[in-house]
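Read the structure below first, then the notes.
Read-outs: derived from the displayed coordinates by stated rules, not from any lab. Values in this document were obtained by computation on a predicted structure and should not be read as measured data. Cβ atoms come from the backbone with ideal geometry, glycine included; neighbour counts cover every protein chain shown.
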Amino acid sequence: MTSKIRFRGATSGFVELAAPDAAGSNTLILPTGNGTTGQYLQTDGAGALSWQTVTDTNTGAWTELTSSSVSGATTTITGIPSTAIHVRVIFEGITGNGDWGFRAGTSSGLASTGYMTFAGYWGLSSTGASNFTNEWRVEAPGTGPFGGQLNIIKRDGNNWEGWGYAFRDDGTSNGSIRQFFGHVGLGGALDRVGATALGASFSAGNIYAWYQEA
C-alpha cells in the first residue's frame, strides 16, 4: 500500500502527499523560506530544493530601441547589447541635400573606416553604381524624401554583413530605387548605428532600430 500524508484544512478538505508504489529511498529537503511571487522549486539533483526565478527563454525576439528624428550631419541610436546578432534600421521621410548613408559603431563612436560596400541606383532617368569604404551608402538621393531599411547581421567576432534599400516615399513619379550591401569590421563590440550626411545635413526624417539576440 502506498504511504500517504494528509494535511487537513481548518474547516474542510485536505492536501495529500503520496509516495510512488516503488519508492526506493529518497529525501527531499525543503528550502527555509517562502520564495517570492512567481518563483518555482528547483532540485539540485541530490534532493535539496530551492526557490528559483523563471528566466526568459524566448530567444530570437526583437527588442525595440528608442527612435530618433534625423537632423544635422549625424543621428545615432545607441543601446545595442554585445549579445545582439541582428540589427534592423527602418527609416522614413529622410530629406537632405546630398549623399548620405548608415554606419555601425562601438563605444568609441560610429566607424568611418573598415567597410567594403557597394551601392547602386536605378530609376526613370539614370542608373549608377559605386564601391565605398566608409559606410553603407544611399547614393545620389537628391533631396528625397526616402524611406527603406538596413539589416546588419553578425558574421563572426566583430564583423557585420549588411544590406538594404531606399525608395522615394512621397508618392512622386520619380520612382528611383537605391540598394546597398557589404560588410564592416569593427574594432570592438557593436553598440550603435547611425545615419550620416556627407558634407551636408539632414532636414527631416526618422529612424527606428531593433535588435535580435541569439
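With no solvent and one point on each alpha carbon, what is the Debye value of log10 I(q)/I(0) for region 92-196 at q = 0.13, 0.16 Å⁻¹?
For the requested q values the scattering log ratios are -0.45, -0.66.
Say each of Thr53 and Leu41 gets a label point 7 Å from the Cα, pointing the same way as Cα to Cβ; how far apart are those two points in nm?
It works out to 2.2 nm between the two label points.
FRET efficiency for Trp62 and Phe14, Cβ-Cβ distance as r, R0 = 35 Å, nearest 0.05?
0.15
When a/c is below 1.5 the answer is rounded, else prolate if a/b is larger than b/c, else oblate, so apply that to region 68-147 with a ≥ b ≥ c taken from the square roots of the Cα gyration tensor eigenvalues.
prolate
P(r) of the chain in 10 Å steps, Cα pairs, percent per bin?
In order of increasing distance, the bins hold 8, 26, 22, 10, 8, 9, 9, 6, 1 percent.
In nanometres, what is the gap between the two model label sites at Glu213 and Ile90, each 7 Å from Cα along Cα-to-Cβ?
Rounded to a tenth, the inter-label distance reads 2.2 nm.
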